[in-house]
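To start, the structure under review is shown below, and the notes come after it.
The values are calculated or read from the model by the stated rules, or taken from the named source; none is laboratory data. Note that the coordinates shown come from a computational prediction; the quantities given were computed from them, not determined experimentally. For neighbour counting, all protein chains shown are included, and Cβ atoms are generated from backbone atoms with ideal geometry for every residue, glycine included.
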Amino acid sequence: MKIRLLSALLCLFSTTSFASAFYQTTIIPDTTRAGEDNAVQDSVETDVVTYWDEKNAVGLDFNEVAFVNWSSGGNNSVSALIHGDFERNYKKKLTNWKNSAVIRYGINAQEGREIRKTEDELVFSSSFGYRRDSTSNFYYSARMDFNTQFTNGYRYPETDIPISKFMAPGYLFLGVGAEFSHPEEDLTVYLSPITQKSTFVLDQRLANEGMFGVTPAVRDEDGNLIEEGESVRTEFGLQFTNRFSKEVFENVNLKHRLNLYSDYLNKFGNIDVDWQINVNLKVNDFIKANVGSQIRYDDDVKYKEDFDGDGELETTGPRLQFKQTLGVGVVYEF
C-alpha cells in the first residue's frame, strides 16, 4: 500500500513537472537577402513563451553540541533536518493551475539514548482555477490537499508500540469552490462549501483503537473482537484556505498558511485548524535561517497519556497541538 500510494503521488507530481517542459514558441523568419542569389537565411527563433513557472529548493539544517570535561554537565547531541519545497505552476489567459509538494524529515541523536524523530511530513497540494475574463482575480476552483508522514511515530521513550505510521493518519481533501488570487502579491484565499475530507488509518491496530477519529472496533464484555474498526472516515464540510508570502524586510521572507475545516454532519461549528507561520532569513545564496511555528486542533484526534503509571495509555479529549522550529542550514534552489 505504501509503495502504491507513493508511486501514485510521485507520478502525479512528475506529470506536472514533465508538462512544464513543453512551451509555445514564436518563429520569425529572417528574410534578409544575402548576395545576388537572394537566398533566404535560416529561420531564427526569436521568442520563447512559457506558461509554466517552477521552483525547487532542497536544504539541510544541522545542529551539534559536544562536551569534553564540561563541569556543568550535558549530553552530546546531533540533530539534522532535510527538507524540500517544489512548485509547478501553470498560468495562461483564463486558467491557473498550481501544484506544490513539501517534504520534511528530521532526527536527533543524543548520547545515551536511541535516535528520535523530530520532524516528519509529506504534503501535496494541487488547485485548478478558471476565471470568466482576463481582468477578474476570482477563479472557479477545484482543489486537492493530501498529507501524511513517512515513518512510525512514538511517544518517547516508549518505542515498542507506534502511535502513528505512514497513512495512519493520512488526510485527503477534495473540494470545489472559489479562489481569489492577488494580481501582484503572493496571496490566495480559497473557500469551498463542498469539501470531502477523508481520514485514512491504514494500520488495523490503530483503527481498532479508533485513532484519529475513525470508528473503533466492536468488542464484547470480555474484550474479544467482534468487528474490526474502520480504516477510512469520510466527512463533508466547509473548507477555508489562506496562503500568503512576502519579503517583509530585505532578505526576510514571511510565509503564512491557514487551513480551516468544519464538518456539516458531525458537530458543525467545531473547526479543525492547521496554521503555519515561517520566517526565512537569508544570509547568502546558500545559507539561510528559519523560524517557524505550527498550531493544530482537530476535535476527532484524542490525546492519550499514561496518567496512573500502569503502562497503559488512557484516552482523553482533544487538545491544542503546537510545534516550534528553529534551524540554520544550507539551501539549494534550482
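Taken together, Tyr140, Tyr105 contain a single residue that is touching a Gly at 6+ places or on another chain (Cβ under 9 Å), of a type in the set (Phe, Trp, Tyr) and either touching a residue at least 60 places away in the same chain (Cβ under 8 Å) or in a strand (DSSP E or B) (or both), which is Tyr140. Within region 68-97, the only residue that satisfies the criterion of being touching a residue at least 40 places away in the same chain (Cβ under 8 Å) and more than 30 Å from Tyr130 (Cβ to Cβ) is Leu81. Each residue in region 108-129 was checked for being assigned to a loop (DSSP other than H, G, I, E, B) and either without any contact (Cβ under 8 Å) to a residue 12 or more places away in the chain or surrounded by 16 or more Cβ atoms within 10 Å (Cβ to Cβ) (or both), and 1 pass. For Leu254, work out the one condition from (1) without any contact (Cβ under 8 Å) to a residue 60 or more places away in the chain; (2) under 21 Å from Ser192 (Cβ atoms); (3) surrounded by 14 or more Cβ atoms within 10 Å (Cβ to Cβ); (4) not basic (Lys, Arg) it doesn't fulfil. Unmet condition: (2). For region 226-251, residues that are part of a strand (DSSP E or B), over 19 Å from the mean Cα position of the chain (by Cα) and crowded, with 16+ Cβ neighbours inside 10 Å total 4. Name the residue that is surrounded by the most Cβ atoms within 10 Å (Cβ to Cβ), counting only residues in region 130-169 that are within 30 Å of Gly112 (Cα to Cα) and aromatic (Phe, Trp, Tyr). The selected residue is Phe166. Here Ala289 passes the criteria (1) more than 17 Å from the chain's Cα centre (by Cα); (2) closer than 20 Å to Leu320 by Cα except the one numbered (2). Among the residues making up region 240-251, those that are free of Cβ contacts under 8 Å to residues at least 12 places away in the same chain and not β-branched (Val, Ile, Thr) are Glu247, Phe249, Glu250. Inspect all residues belonging to region 218-232 and state whether any of them is in contact (Cβ under 8 Å) with a residue 12 or more places away in the chain, in contact with a helix residue (DSSP H, G or I) (Cβ under 9 Å, 6 or more places away or on another chain) and over 24 Å from Phe146 (Cβ atoms). Yes - at least one qualifying residue is present in region 218-232. Could you tell me whether any residue of region 66-86 is closer than 19 Å to Thr325 by Cβ, part of a strand (DSSP E or B) and of a type in the set (Phe, Trp, Tyr)? No, every residue in region 66-86 fails to be closer than 19 Å to Thr325 by Cβ, part of a strand (DSSP E or B) and of a type in the set (Phe, Trp, Tyr). Taking residues in region 276-298 that are within 27 Å of Pro318 (Cβ to Cβ), and partners anywhere that are part of a loop (DSSP other than H, G, I, E, B), the pairs with Cβ atoms closer than 6 Å and at least 6 places apart or on different chains are Tyr297/Leu320. Quick check: is even one residue across region 165-173 over 21 Å from Asp299 (Cβ atoms) and over 19 Å from the mean Cα position of the chain (by Cα)? Within region 165-173, none of the residues are over 21 Å from Asp299 (Cβ atoms) and over 19 Å from the mean Cα position of the chain (by Cα). In this structure, Leu191 does satisfy being in contact with a strand residue (DSSP E or B) (Cβ under 9 Å, 6 or more places away or on another chain) and either at pLDDT 95 or above or not in a strand (DSSP E or B) (or both).
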